[in-house]
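Laboratory data are not the source of any read-out in this text; all were calculated from the coordinates shown. Computed from a predicted model, the values in this text were never measured in an experiment. Heads up, the Cβs are rebuilt from the backbone with ideal geometry, glycines too, and the neighbour counts pull from every protein chain shown.
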Amino acid sequence: MKIPLSKPYWGKEEERAVLSALKNTSGAGDGPWSKKLSESLKLLTGSKYVYPVTSCTAGLELAMSVLGAGAGDEVILPSFTMTSTANCIVVKGAKPVFAEIRGDTYNIDPDSVRRLINKKTKGIIIVHYAGMPVDLEEIITLAKRNKLFLVEDAAHAIGAKLGGKMLGTFGDIGVYSFHGTKNISCGEGGAVVTDSRLLAGKIEIYRAHGTNRNKFLAGLVDKYSWVGEGSSYFLSDLLASIICAQLTKFDRIIAKRSRIAKEYAKALLGYRSLVNLPVIPQGTSANWHIYAIRFLNPKHRDIFIAKMRRKGIEVSSHYMPLHNSLMGQKLHDHGRDLSITDMVSRSLVRLPIYPGLTRKQLDYIINSAKKILTEFRTVLSDSPLGSPPIESGPPQGCCVVTPLG
């Protein structure tokens, strides 16, 4: 049995949408399917302005461009994230400053952010890891108090909510991903959202090659011309049609992922002496983009991954911390302690979770995992030296959490 880590949930709906786009559009961006997608995402997210883009990476670069990040500026972000979160800062000539994460949600730690803010700080990029919310109240307060922009890298977070409000809509700009691994996917794609009319105006110009294209099409100006800096970030209408189809079954996708997450939680609850399970911050509706467990003994993590893969089950670690990468080492202040980030990176494992996972496959994954974990527990209980040293984050209870439900 071969079970991938993730798989798009595509079917007849997507096929019909693409065929319609092929027959009725040129496939270029900002066509009828792109416009339909924008309106659908406005309803889903509650955002006033929505712009489909070629990728979440492109969306983050677009955000940095319109928010004015540049030479001499610093932008704070977590080190435990995709390179795109840092590259969007670097390509604008600004400096990424890596903050620590929490040991429970793996999200940026507001206390770390507070210590990093200085006169050069221009803004903060937060990442809602696995679709679980950052401590938004504290981060928003820090951003407002210090007059910093706040961008949400919500690549993992579409459909996840805090207090009924969707993640990605709390900051100045939010960016979603429609990559092939994400909850809704068209292979490559994303969307930028904002409630700011000023930023929306800048986005419209920048994403359209720096032109006044939208005003021209709306009949507000009589000439289509170059008016500022820009590039091309339009999502193809062919890909937009796929996301429109995905959104028609979005609730079903979230429900299926949630059921899988509950099965994992139920099966692994008895192994909490070996692994930490995901926690849901209070008031959160999770989208279960990722189901990650963290081993208290990092040596167990590597053995677990190897044994699961031998059984045909694709499990995986996640990010190498950016501050430890070749590029990151050139930028990071090596006197700054990011030990929790390092610990999480060494001990985290992602389990397969996607709507197309069958009951038979899920049972196989769970039974295989439990067998390996039982072996670990047996070895520990038989060891005359007792349990090996473990690594842990800050004490649980540092935020209000509830178990899976």
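The table that follows gives values for the structure above.
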read-out: Sites D333 and K144, calculated FRET efficiency, Cβ-Cβ separation with R0 22 Å, nearest 0.05; value: 0.30
read-out: Paramagnetic reach from R252 (point 7 Å along Cα→Cβ, amide N under 19 Å) across the range 148-184; value: 159, 182-184
read-out: Distance in nm between pseudo-label sites at R114 and V90 (7 Å out along the Cβ direction from Cα); value: 3.1
read-out: Footprinting exposure proxy for H156, H209 (fewest neighbouring C-beta atoms within 10 Å first); value: H209, H156
read-out: Separation of alpha-carbon centers, the range 168-199 and the range 243-263, rounded to whole Å; value: 18
read-out: For V53, distant residues with modelled amide H under 5 Å away; value: G190, A191, V192, L235
read-out: Long-range amide H partners of G31 with built H, under 5 Å; value: D237
read-out: Among F80, S236, I205 the positive-end extreme of the charge dipole of the chain (Cβ point charges); value: S236
read-out: For the range 86-114 versus the range 308-330, the gap between their alpha-carbon centres in whole angstrom; value: 18
read-out: DSSP beta bridges in the range 12-248 [antiparallel fraction, %, rounded to 5]; value: 45
read-out: For Cα extents along the principal axes in Å, calculated from these coordinates, the label among (i) 64, 50, 39; (ii) 83, 54, 37; (iii) 97, 46, 41; value: (ii)
read-out: Fraction of beta bridges assigned by DSSP in the chain that are antiparallel (%, nearest 5); value: 60
read-out: Y364/L19 FRET efficiency (R0 30 Å; Cβ-Cβ; nearest 0.05); value: 0.25
read-out: Calculated [θ] (222 nm, deg cm²/dmol) that DSSP helices of n ≥ 4 give over the chain, each run adding -39,500 (n - 2.57); value: -12500 deg cm²/dmol
read-out: Estimated FRET transfer efficiency (K266, K299; beta-carbon r; R0 22 Å; 0.05); value: 0.25
read-out: Crossing angle, helix 136-145 versus the chain [Cα axis fit, 0-90 degrees, rounded to tens]; value: 50
read-out: Nearest-ten-degree value, helix 32-45 long axis tilted from longest Cα axis of the chain; value: 50
read-out: Peptides 282-288, 197-203, 169-175 ordered by average Cβ neighbours within 10 Å, highest first; value: 169-175, 282-288, 197-203
read-out: Between helix 298-310 and the chain: long-axis angle, C-alpha atoms, 0 to 90°, nearest 10; value: 80
read-out: Protection proxy ranking, peptides 230-236, 40-46, 326-332, 53-59, average beta carbon neighbours within 10 Å, highest first; value: 53-59, 230-236, 40-46, 326-332
read-out: Charge sum, other residues only, whose C-beta stays under 12 Å from K120's C-beta, Lys/Arg counted +1 and Asp/Glu -1; value: +1
read-out: Cα→Cβ-extended label distance, 7 Å offset, between M320 and E375, nm; value: 2.7
